[in-house]
Structure formats: structure tokens, C-alpha cells
């Protein structure tokens, strides 16, 4: 991969992160190393799995670690950065909080992203979306919900691909 490919993906990730309310690590060398790893995994597997985790090499088994991974938001909330350190909280980015080691969540219970509340049952007179006319899809990365026949091609919030959605409720 060329330096221009690495820089182009870095700029894209930075732009998408900013548009979605996320921040990349201010350590530009670390970010460039991680971007190189993402591009290497893209070439190797056909998708950008987290460069800090062992991928199976099968998208269906690695969906949870395709960047941005399913664990990013829970890691940011609890530790101030994601597992690999690509995404950081505002406190870490501003130097108010030190970057700390993030334990591996993979293999543990999947973060719910719904605040634990789940979905309340529909009552009479509620919209056809809630009553079940359309399936509800949940982005496993950021928790975005949409009601339609199929999930969107890309999450409008975090840019995750359609296969990162799961049927919700």
C-alpha cells in the first residue's frame, strides 16, 4: 500500500468520525499505523478488521471486529478509547484523561447499545413501525435503529456496512 492510500483512508476516517461525533486519536503516528493495519486487513480479507485483533478471515465470523467494531462505543464510554486506540473520547483527545489499556470484550456478552431498556410492547393505535409491519434493524456498532424491509447499505450514524445490522425485537 502506498503512503497516499494510507493518508487518504486516514482523512476519510477523520471526516466520518467528525461527522458522527467521534474523534480519532491525536497521536498521528499511532493513527497512521492503525490505518496501515486496516488497509493490510482489507487486502488480506476483503474487509477492514481491527488490526489489533486476530481475524478469522471470514466476514461472517469477524463482523464484530470490522472497524468501527461493535465494542467501540462501550469502550469509549468506559475507558476513553476503543480497544486499538483509533477512536478516543473528548477527554482523552484533550489530554484531560490518560489513554489507558482497554481489556478485550470480544467473547464476552455483546454490548447491547440500547441502554438495557429494550423495546416496550406496542399498544393499540401506535404506528405500523412499532406494531410490527416492518422489521426493526439495529446497528451493532452504534445502536442506530431503523424500521424498513432491509437494513440500510451503510449506517447513517457510524458508516458501518449493512451486514453489521441485526434484527431488533
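No value in this document is a laboratory result; all are computed from the given coordinates. Just so we're clear, the structure is a prediction, and the values are computed from it rather than from any experiment. Backbone-built Cβ (ideal geometry, glycine too); neighbour counts: all protein chains shown.
Quick notes
- One quarter of the convex hull surface built on the alpha carbon atoms of the chain amounts to 10.7 nm², the projected area averaged over directions.
- For the residues 54, 24, 145, a GNM of the chain with alpha-carbon springs under 10 Å puts the largest fluctuation on 54.
- According to the calculation over all Cα-Cα pairs in segment 3-93, the P(r) per 5 Å bin from zero is 3, 15, 25, 27, 19, 9, 2, 0 %.
- Only Cα pairs under 8 Å and 6+ residues apart enter the sum, and on that basis the relative contact order of segment 128-168 stands at 40 percent.
- Ellipticity estimate at 222 nm from DSSP helix runs (n ≥ 4, -39,500 (n - 2.57)) divided over the chain, nearest 500: -9500 deg cm²/dmol
- As a rough guide to protection, the peptides 38-48, 83-93 ranked by mean Cβ packing within 10 Å, highest first, stand as 83-93, 38-48.
- Taking the square roots of five times each eigenvalue of the Cα gyration tensor of segment 128-168, the equivalent ellipsoid has semi-axes of 18, 9, 8 Å, listed largest first.
- Length-normalised contact order of the chain in % [C-alpha pairs under 8 Å, at least 6 apart]: 17
- Point-to-point label distance, residue 27-residue 1, nm (Cα→Cβ direction, 7 Å offset): 1.8
- With Cα atoms, 0 to 90° folded angle of helix 3-19 axis to the chain main axis: 40
- Counting only alpha carbon atoms, the long axis of helix 28-45 and the longest principal axis of the chain meet at about 70°.
- Reciprocal mean inverse distance between Cα atoms of segment 43-84 - Kirkwood radius, Å: 10.6
- Most mobile listed residue (153, 74, 55) in the chain, GNM with C-alpha springs under 10 Å: 153
- Inter-label distance, residue 45 to residue 166: 1.7 nm, where each label sits 7 Å from its Cα along the C-beta direction.
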